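The values are calculated or read from the model by the stated rules, or taken from the named source; none is laboratory data. No experiment lies behind these values; they were computed from the predicted model shown. Please note that ligands, DNA and RNA were not included when accessible areas were found on the heavy atoms of the full protein model with its side chains. Shrake-Rupley method; radii C 1.70, N 1.55, O 1.52, S 1.80 Å.
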Amino acid sequence: MTDMPPADPRIEAVAARLKEAAHERAGAFGPPPVWQPIWKRPRKPKSIKAKKAELAKQRKRLKAAGVRRFYGAQSRRPRPRQNRIGSAAARRDTRALSRMRHSNAWLW
């Protein structure tokens, strides 16, 4: 363990002056403010330009969500297998095949 060097009066005087100056500066600024969590501090008002930009971004996001919701519903909506014009024969065939598939008739 090393010994402490002998106290130099010049260094001590400089340290004392620095401490005194620091105390004076601290006094000029006043006491530190009471600590508050960031969510309790008053908000800095946004500029009009920043506010409009934020609203435009929000509108764009909501519009995109609406479009996604619309097309998601479209894909789930039941659609006819064939178009309605001229599909009567196709429906009859499908119905007959379906009856055969669900019956226990043995095909010879």
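Of the residues in segment 32-52, not one is at positive phi and at pLDDT below 75.
Check segment 88-108 and report whether any residue there is assigned to a helix (DSSP H, G or I) and modelled with pLDDT of 85 or more. Among the residues of segment 88-108, not one is assigned to a helix (DSSP H, G or I) and modelled with pLDDT of 85 or more, which makes the answer no. If you filter segment 53-87 down to residues that are of a type in the set (Gly, Ala, Ser) and either at pLDDT 95 or above or part of a helix (DSSP H, G or I) (or both), you find that the one that is most open to solvent (accessible area, probe 1.4 Å) is 75.
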